[in-house]
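The values are calculated or read from the model by the stated rules, or taken from the named source; none is laboratory data. The model shown is predicted, which means the values in this text are computed figures rather than measured ones. Here the Cβ positions follow ideal geometry from the backbone for every residue, glycine too, while neighbour counts run over all protein chains shown.
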Amino acid sequence: MTKFGMWLGYIFYSTVWFANPQQVYASDNLEQHNIRYPQVVGSSLYQNQSNYFVDVLKLVLERSPVNYQIEFVDIPTLAQSRSQSLIIQGFYDIHWLTTNTERESILKPIRIPLYKGLLGLRIAFVNASKANQFAETNSLEQLRKFYVGQGRDWVDSKVLRSHGFRVEEASTTIALFEMLQINRIDYFPRSVLEIWWEAEQQEALGLSVDPHIALYYPAAVYFFVRKDDTILYDHVLKGLNKAIADGSFEQNFIRYFGEAIKRANVDKRKIFNLTNPFIPTETPLEQKQLWQQLPFQTNAKD
């Protein structure tokens, strides 16, 4: 049996009594209703990210008319496409995922952007020996000459390719860091919300954070549930809207990411503003209160 198969077996046997999710929380008469939510074990790199989404979910459930409790399901590090499949198969009930048209066709998105759109505001890791390689990069034509690293499963790869970027892919984030270390790629863009804790972990690889440029394109991370899970969908959507209205969502967001946003110094960078042809048309971009308002003027457009 493969390592991943062993993990799936563990998940199945530890949660088999939840096989029908509607039976778990369909009735408001029960005192407690468990929601299965995945937690990655064996890696500390993205613990801050994981904690943020769990805290958001807790805020939401506290504002639900139902007494929900989170039932954590241990999983290894997975590609988002694999997590998507595990939701469909019923191994757990809800997870955060980056949205795209295909994903929204098979899962039910709760269209509140949990990162307030800042997944799409990206600054780059570079090899420390080339820390100033973008100092004189003022146009997309110049930027396209460099090789950019992205994940094989990421919509970001598709977005950048659609704009003519030279994209080199790898199956894991760690592999991309290693490619940058040996100069197989020139830069590795990351969200302003995640790059700083990654920088602390990857300092020994001789990488640094580029101070000169940033990329921006519309992108959203939502909670997703199964298509037929309308009860959980309704309660999470209402809970998110209540948390936004009472200010607790914003307070939690700033607590986790306020310093990271400041450190990015976006107003001092050259911003390359890109369209995202893969973002669904239903994305609530017109609801400005859901998105972080960005303090920059567009320097380049495509």
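Some points to look at:
- Contact map, region 271-292: residues that are within 17 Å of PHE223 (Cα to Cα) paired with residues that are among the basic types (Lys, Arg), Cβ distance under 8 Å, separation 6+ or inter-chain. Pairs shown: GLU282/ARG111; THR283/ARG111; PRO284/ARG111; LEU290/LYS116; TRP291/LYS116.
- Number of positions in region 210-225 that are farther than 17 Å from LYS116 by Cβ and of a type in the set (Val, Ile, Thr): 2
- Applying the condition of being over 18 Å from GLN84 (Cα atoms) and among the acidic types (Asp, Glu) to region 220-258 and asking which residue is surrounded by the most Cβ atoms within 10 Å (Cβ to Cβ) yields GLU250.
- Residue within region 209-220 that is of a type in the set (Asp, Glu), modelled with pLDDT of 95 or more and under 21 Å from THR173 (Cα atoms) present: yes
- Near pairs, Cβ below 8 angstrom, 6+ apart or cross-chain, from region 75-86 (hydrophobic (A, V, I, L, M, F, W, C)) to any residue that is part of a helix (DSSP H, G or I): ILE75/TRP7; ILE75/ILE11; ILE75/SER83; ILE75/LEU86; LEU78/LEU86; LEU86/ILE11
- When ASP267 is tested against the conditions (1) assigned by TED's automatic domain parsing to the domain that holds SER139; (2) within 19 Å of the chain's Cα centre (by Cα); (3) without any contact (Cβ under 8 Å) to a residue 60 or more places away in the chain, the lone failure is (2).
- Some residue of region 129-136 being buried (at least 17 other Cβ atoms within 10 Å of the Cβ) and either in the same structural domain as GLY206 (by TED's automatic domain parsing) or among the small types (Gly, Ala, Ser) (or both): yes
- Where a residue in region 39-61 is within 13 Å of PRO76 (Cβ to Cβ) and in the same structural domain as ALA199 (by TED's automatic domain parsing) and its partner, wherever it lies, is at pLDDT 95 or above and surrounded by 15 or more Cβ atoms within 10 Å (Cβ to Cβ), with Cβ under 6 Å and at least six apart: none
- For THR77: the one exception among (1) closer than 25 Å to GLU194 by Cα; (2) at pLDDT below 85; (3) not in a loop (DSSP other than H, G, I, E, B): (3)
- Test: residue in region 104-122 that is crowded, with 21+ Cβ neighbours inside 10 Å and over 30 Å from LYS242 (Cβ atoms): yes
- Top-ranked residue of region 155-166 - restricted to ones that are surrounded by 18 or more Cβ atoms within 10 Å (Cβ to Cβ) and under 21 Å from the mean Cα position of the chain (by Cα), ranked as farthest from VAL221 (Cα to Cα): LEU160
- Residue match in region 52-59 (condition: more than 16 Å from LEU240 (Cα to Cα) and in contact with a Leu (Cβ under 9 Å, 6 or more places away or on another chain)): no
- Flag if ARG152 is assigned by TED's automatic domain parsing to the domain that holds LEU237, surrounded by fewer than 22 Cβ atoms within 10 Å (Cβ to Cβ) and either of a type in the set (Lys, Arg) or within 28 Å of PHE224 (Cα to Cα) (or both): no
- Here TYR256, TYR222, TYR233 are screened, and the one residue that is assigned to a helix (DSSP H, G or I), in contact with a strand residue (DSSP E or B) (Cβ under 9 Å, 6 or more places away or on another chain) and aromatic (Phe, Trp, Tyr) is TYR233.
- Flag if TYR217 is surrounded by 21 or more Cβ atoms within 10 Å (Cβ to Cβ), over 25 Å from GLY149 (Cβ atoms) and among the hydroxyl-bearing types (Ser, Thr, Tyr): no
- Residue check, LYS145 basic (Lys, Arg), within 27 Å of ASN265 (Cα to Cα) and in a helix (DSSP H, G or I): no
- Test result for TYR52, modelled with pLDDT under 95, surrounded by 14 or more Cβ atoms within 10 Å (Cβ to Cβ) and among the aromatic types (Phe, Trp, Tyr): no
- Residues satisfying the stated conditions in region 55-84, i.e. surrounded by 16 or more Cβ atoms within 10 Å (Cβ to Cβ), closer than 20 Å to THR99 by Cα and hydroxyl-bearing (Ser, Thr, Tyr): SER83
- When restricted to residues that are part of a strand (DSSP E or B) and in contact with a Lys or Arg (Cβ under 7 Å, 6 or more places away or on another chain), region 83-100 contains 1.
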